[in-house]
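Notes to accompany the following structure.
The values are calculated or read from the model by the stated rules, or taken from the named source; none is laboratory data. In this text, all values refer to a predicted model and were calculated from it rather than measured experimentally. Every residue, glycine among them, receives a Cβ derived from its backbone with ideal geometry; neighbour counts consider all protein chains shown. Accessible surface is based on the protein model in full, side chains and every heavy atom, while ligands, DNA and RNA are left aside. Shrake-Rupley method; radii C 1.70, N 1.55, O 1.52, S 1.80 Å.
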Amino acid sequence: IPAFMNLMVALVPFLLITAVFTQMAVHELPLPPPSSDSAPDTAPPKILAVVVRSSGFSISDGGDAVGVLPRRKDGHDLKGLSAVLAKLKKSNPAREEITLLMEPAAPYDLLIQVMDAASVNPADGQPMFPKIGIGDAPPAGNKS
């Protein structure tokens, strides 16, 4: 027993020191502010939204359609999405918020890829829309 205890005393610290622990990136998602009972005097700000469907992306700015990127044979057009969002950021540099509306069957990996495409401009590495909100996509027949 003493030999086994000596082995454990030496082996456990060695294994703890050399163990590689998984590091995960965490995205902070802002929650909407609590609603107040008084009616706001100003119109709500326009919301930039990307609807992610199995058929592709549709981008809208305050209800106005900006663009539709159909799904290609090799998958969703993330580079095209980044290019459209970079143009929108260039036209309004102060805007930092974007909402991603996902179909319930969309894979989680696609959500992360779209978040990455929306948060950083791949051309110059500058942040585009770091404040990301996530929601469910409206039904396919609904235009809102």
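Here are a few things to note about the model shown:
- Leu15 paired with Asn92, simple spin-label distance in nm, labels 7 Å along Cα-to-beta-carbon: 5.6
- Residues Glu103, Glu96, sorted by accessible area with the largest first, give Glu96, Glu103 [1.4 Å probe; ligands and nucleic acids excluded].
- Placing dummy labels 7 Å off each Cα toward the beta-carbon, the span from Met5 to Asp136 is 6.0 nm.
- Taking amide H positions as modeled 1.01 Å from N, with prolines and chain starts lacking one, the residues under 5 Å from Arg53 and 5 or more places away or on another chain are Ser58.
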